[in-house]
Ligand code: SAH
């Protein structure tokens, strides 16, 4: 998979992608992430990428030309499955979307800034708009990193134990069961005996029960949906 990120703050991505799982995924060539500095696609003086909003009001707007230049350049090199714009009024991001996106080959992710991008970018260049939640951040860089992380860890070979992503919360609409590690006892707090028993079948059963219990308590609407789906 290849992900091209378009941003006016390219350095913000250095730490996200330079460590841990996301770094290893790139080292192993399971994903290629290319960050593009929007300013390099500006034909204006001083590499300008934003301007005042027509009609007045506070806040700058990212102009269409540099964004169009960058996307046109990228599209000449390869076909893209989606051109995603990170936006608080986009479709709310969730695990199902991450699963779906992780199956694509080439993605462009556009990060907005200031007041956002010129509406004509959204009308003509963008194919999908994603929000990471009902709150407003100052730029699309953190949202883009969130989306990249969620889908890269699903790519085969990225996690050392490939089944690991499948047992995470929200796969199958279930929250993950509790996990423990050494020591088996800490200040009188004991790890449940079953997890120390070595009985894989019983451990699976226990985890299934705990996942259901946790979902019922913390996310009753997911639990109801699950019950409903099982009945169908
Ligand atoms: N004026 C816009 C917000 C702009 S915030 C509005 O009210 O909708 C600046 C940029 O940050 C946006 O263009 C977008 O790329 C990004 N951003 C902010 N909050 C976000 C969120 N919850 N999800 C995804 N992107 C977000």
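Between 0 and 90 degrees, rounded to the nearest ten: what's the tilt of helix 64-77 against the longest Cα principal axis of the chain?
The angle comes out near 70 degrees.
If you build a Gaussian network model of the chain, linking Cα atoms that sit under 10 Å apart, which residue out of 35, 83, 179 swings the most?
179
Taking R0 as 30 Å, what FRET efficiency do you get between residue 221 and residue 68 from their Cβ-Cβ distance, rounded to the nearest 0.05?
Numbers: r = 41 Å, r/R0 = 1.37.
The formula returns an efficiency of 0.15 here.
Could you tell me how far the Cα centroid of the stretch 35-63 sits from the Cα centroid of the stretch 104-139, in Å?
15
What is the chain's relative contact order, in percent, from Cα pairs under 8 angstrom and six or more apart in sequence? All intermediate terms of the calculation are to be shown ahead of the outcome.
Working: 320 pairs, mean separation 44.6, N = 232.
Averaging sequence separation for qualifying contacts and normalising by length gives 19 percent for the chain.
Can you compute log10 of I(q)/I(0) for the stretch 169-231 with the Debye formula, treating each Cα as one identical point scatterer, at q = 0.26, 0.30 Å⁻¹?
Log10 of I(q)/I(0), two decimals: -1.06, -1.20.
On a 0 to 90° scale, report how tilted helix 220-231 is relative to the longest principal axis of the chain, with both axes built from alpha carbons and the result rounded to the nearest 10.
70
Test of understanding: in a Gaussian network model of the chain with alpha carbons linked when under 10 Å, which of 208, 188, 18 would top the mean-square fluctuation ranking?
188
Could you rank the peptides 11-17, 142-148, 102-108 by their average count of other C-beta atoms within 10 Å per residue, with the highest value first?
Output ranking for 11-17, 142-148, 102-108: 142-148, 102-108, 11-17.
Just subtract the alpha-carbon distance of residue 200 and residue 185 from 0.36 nm times their residue separation and send over the number in nm, one decimal.
On the way: separation 15, 0.36 × 15 = 5.40 nm, distance 2.10 nm.
3.3 nm is the gain from fully extending residue 200 to residue 185.
Kirkwood hydrodynamic radius for the chain: how many Å is it when counted over pairs of different Cα atoms? Please report the intermediate quantities before stating the final value.
On the way: mean 1/r = 0.0492 Å⁻¹.
Taking the inverse mean of 1/r over all distinct Cα pairs, the chain comes out at 20.3 Å.
Per the helix-only calculation at 222 nm, which mean residue ellipticity applies to the chain, given -39500 (n - 2.57) for every DSSP H run of n ≥ 4 and division by its residues, nearest 500 deg cm²/dmol?
Values: 9 runs with 87 residues, N = 232.
When only DSSP H runs of four or more count, the value is -11000 deg cm²/dmol.
Describe numerically, in nm with one decimal, the distance between label points set 7 Å from Cα along Cα→Cβ at residue 193 and at residue 124.
For residue 193 paired with residue 124, the spin-label model returns 7.1 nm.
Fully extended, how many nm does the chain gain between residue 97 and residue 209 (0.36 nm per residue separation, minus their Cα-Cα distance)?
Values: separation 112, 0.36 × 112 = 40.32 nm, distance 2.62 nm.
Gain in length upon complete extension: 37.7 nm.
Sort out for me the Cα centre separation of the stretch 19-34 from the stretch 158-194, rounded to whole Å.
Between the Cα centres of the stretch 19-34 and the stretch 158-194 lies a distance of 25 Å.
On C-alpha positions alone, give me the angle between the axis of helix 141-152 and the longest principal axis of the chain, in degrees, nearest 10.
The two axes meet at around 50 degrees.
For a quick protection proxy, order the peptides 48-59, 116-127 by their average other-Cβ count within 10 Å, most packed first.
Working: 48-59: 11.9, 116-127: 16.3.
So the peptides 48-59, 116-127, ranked by packing, come out 116-127, 48-59.
Every number here is computed from the coordinates shown, using simple stated rules; none is lab data. The shown structure was predicted, so the numbers you read here are calculated from the model rather than taken from an experiment. Backbone-built Cβ (ideal geometry, glycine too); neighbour counts: all protein chains shown.
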